[in-house]
1. Amide H neighbours of Ser164 under 5 Å, at least 5 residues apart or on other chains, H built in the peptide plane: list them.
2. Along the positive direction of the dipole of the chain (beta-carbon charges: Lys, Arg +1; Asp, Glu -1; about the Cα centre), which of Leu133, Thr66, Ser88 reaches farthest?
3. With charges set only on the Cβ (+1 for Lys and Arg, -1 for Asp and Glu), what does the dipole of the stretch 59-139 come to about its Cα centre, in debye to the nearest 20?
4. How far is helix 109-120 tilted, in degrees, relative to the longest principal axis of the Cα atoms in the chain, given as a value from 0 to 90 rounded to the nearest 10?
5. Using a 1.4 angstrom probe, figure out how much accessible area the chain has per residue, in square angstrom, rounded to the nearest whole.
6. Once both axes come from the Cα atoms, what is the angle between helix 9-20 and the longest principal axis of the chain, in degrees from 0 to 90, rounded to 10?
7. Return the calculated 222 nm mean residue ellipticity for the chain, to the nearest 500 deg cm²/dmol, obtained by summing -39500 (n - 2.57) across DSSP H runs with n ≥ 4 and dividing by the residue count.
8. Can you give me the long-range amide H partners of Trp217? Hydrogens built in the peptide plane at 1.01 Å from N, cutoff under 5 Å, separation of 5 or more residues or another chain.
Amino acid sequence: MQAQETINPAIETLQQLRASGQIRAISLDLDDTLWPIWPTIAKAEGVLLRWLEQHAPSTAQSLGDTATVRALRHEIVTLRPDLKADLSGLRRESIRLALTRAGDDPALAEPAFDEFFAARHQVDLFDDALPALQFFSQRWPVVALSNGNANVNVVGIGEHFKASLSASGAGMAKPDVRFFQAAADAVGVAPEHVLHIGDDAALDVQGAMDAGMHAVWLNREQVAWPCVGPEPHVTVASLWQLCQGLADR
């Protein structure tokens, strides 16, 4: 007798969810879901330092390397709590602080940030990202929901999204349930009909579940669930696996 094929539990759950008709929209994280963020930020910080070497050499010398650039970025979080949800504002003001401390013109913070921000959008998509976006957008309206400051149109993937919400623009951030509600509102469905996908266990998964959404944890490193409380509705190791589970039957 031929052995019965074993179905991955995540795939089976996704198949049931797809068949139920409950999913009417997709909410999607960006950083570390569609592309790795820290290599991108490191490259952008390098671009920033090279620009400062040309236009504000005293500041470039005082910063020295990308580790110091990042430390200053963390310092400004404490100094400017009003910008907590505004990553662009935090980055811009950290550059302004560095310029001021070094005795350079603080007005250079604007063009310096522009250089950084352009480089920040030069992302390297995960191999499964673009095929997944094509898969999702052919079936459901997709809304980007990010605590970061990436612009999907600048990245070059805007055609796959009906809407894009950032913490900087909304003035709130995940896991605030209001942010998830705003994502549902942006595509005209109730939260219980949204499938949210993200890599961060607390910000994405717990936030989405608290908002009443279905939550998929994209656990590329296949680590243990790190949070206290309910586990995600579905855990997948890749967007390929997610698409397999949500494919038409």
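The values are calculated or read from the model by the stated rules, or taken from the named source; none is laboratory data. Because the structure is predicted, anything quoted here is derived from the model rather than measured. Here the Cβ positions follow ideal geometry from the backbone for every residue, glycine too, while neighbour counts run over all protein chains shown. Side chains are part of the model used for accessible areas, which takes the heavy atoms of the whole protein and leaves out ligands, DNA and RNA. Shrake-Rupley method; radii C 1.70, N 1.55, O 1.52, S 1.80 Å.
1. The list, which skips near neighbours in sequence, is Ala144.
2. Of Leu133, Thr66, Ser88, it is Ser88.
3. The calculation lands at about 260 debye.
4. 30
5. I get 48 Å² per residue for this part.
6. Relative to the chain, helix 9-20 is tipped by roughly 80 degrees.
7. That calculation yields -14000 deg cm²/dmol at 222 nm.
8. Correct list: Val234, Thr235, Val236.
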